[in-house]
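Structure, as structure tokens:
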């Protein structure tokens, strides 16, 4: 029995991977939709004749026959999904506001979708792939229709949102990889340390140190899931001592960094072809861009 697929949306291909600094894909177009979610880092995208920068925690949508190219000036972790739609659903997607870039408040839903697709590929059932199609359709309908759902064009003041209006949070997001102390943050904004803590708790509910820990741990999770970097190297990337990183990670996540990597890495780094007729050999090639 052929697997059931959704008649309005069919997922063709999914991947989760780390793009290295200097990698790029030249301008191209295709007959299907493409969605890319930047989990961390940033991606420079050209859609038609307009350039955009997409930051960690943002998603962009490429509709069929839209010329596009992308490159990376820094390492970035990306979830990439390619899919076809029925004409009625495509008309709805074409109504997405311009630029078609949206902050994502719950990136974990996309990670779970990737894991679900991998499970459907490993242990096929008549309905496994249908679930993947339906779940992605639900996420997309939320993006287009439900302004209060998972993905919304209205910026949300979460600790990973690149669109926050709270300047100290933006500063922590941009400088998490450097050794930062409360005194450094307060000095940068010409505040006393006590006042820095006060306004941070008023705006976010937590102290600057807690915010910085949350940001760093989120990036550590991405490095563990999508790269082979050692704990020492990851610690350097996020501005922490390796021993302290291990203690902090276990305290906040409930397991050691190595155990976390063993649990999820294999599922996070695989390309998943969900339609047998989809020719992945025709995918655009990744090359080193000229800086």
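The values are calculated or read from the model by the stated rules, or taken from the named source; none is laboratory data. Please read these numbers as outputs of a predicted model, since none were measured by experiment. Please note: Cβ atoms are built from the backbone with ideal geometry, for glycine as well, and neighbour counts cover all protein chains shown.
Below, the figures for the structure above:
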{"read-out": "Which listed residue is in contact (Cβ under 8 Å) with a residue 24 or more places away in the chain, surrounded by fewer than 17 Cβ atoms within 10 Å (Cβ to Cβ), out of contact with any helix residue (DSSP H, G or I) (no Cβ under 7 Å at 6 or more places or on another chain) and over 26 Å from residue 237 (Cβ atoms), from 21, 65", "value": "65"}
{"read-out": "Verdict on residue 8 being more than 19 Å from the chain's Cα centre (by Cα) and over 22 Å from residue 290 (Cα atoms)", "value": "yes"}
{"read-out": "Condition met for residue 99 (farther than 23 Å from residue 21 by Cβ and at pLDDT below 85)", "value": "yes"}
{"read-out": "Any helices (runs of 4 or more DSSP H) falling wholly within the range 175-250 and containing at least 2 residues that are more than 17 Å from residue 74 (Cα to Cα) and touching a residue at least 24 places away in the same chain (Cβ under 8 Å)", "value": "193-204, 208-226"}
{"read-out": "Selection status of residue 158, in a helix (DSSP H, G or I), at pLDDT below 85 and under 18 Å from the mean Cα position of the chain (by Cα)", "value": "no"}
{"read-out": "Matching option when the condition is modelled with pLDDT under 85 and closer than 19 Å to residue 41 by Cα, among 235, 266, 225", "value": "225"}
{"read-out": "Any hit, the range 62-71, residues being out of contact with any strand residue (DSSP E or B) (no Cβ under 7 Å at 6 or more places or on another chain) and farther than 23 Å from residue 228 by Cβ", "value": "yes"}
{"read-out": "Verdict on residue 53 being without any contact (Cβ under 8 Å) to a residue 24 or more places away in the chain and either surrounded by 13 or more Cβ atoms within 10 Å (Cβ to Cβ) or closer than 25 Å to residue 129 by Cβ (or both)", "value": "yes"}
{"read-out": "Condition check for residue 29: under 18 Å from residue 140 (Cβ atoms) and either touching a residue at least 24 places away in the same chain (Cβ under 8 Å) or crowded, with 17+ Cβ neighbours inside 10 Å (or both)", "value": "no"}
{"read-out": "Close pairs (7 angstrom Cβ cut-off, 6 or more residues apart or separate chains): assigned by TED's automatic domain parsing to the domain that holds residue 46 and closer than 16 Å to residue 57 by Cβ in the range 92-106, modelled with pLDDT of 80 or more and surrounded by fewer than 19 Cβ atoms within 10 Å (Cβ to Cβ) anywhere", "value": "99/52; 101/52"}
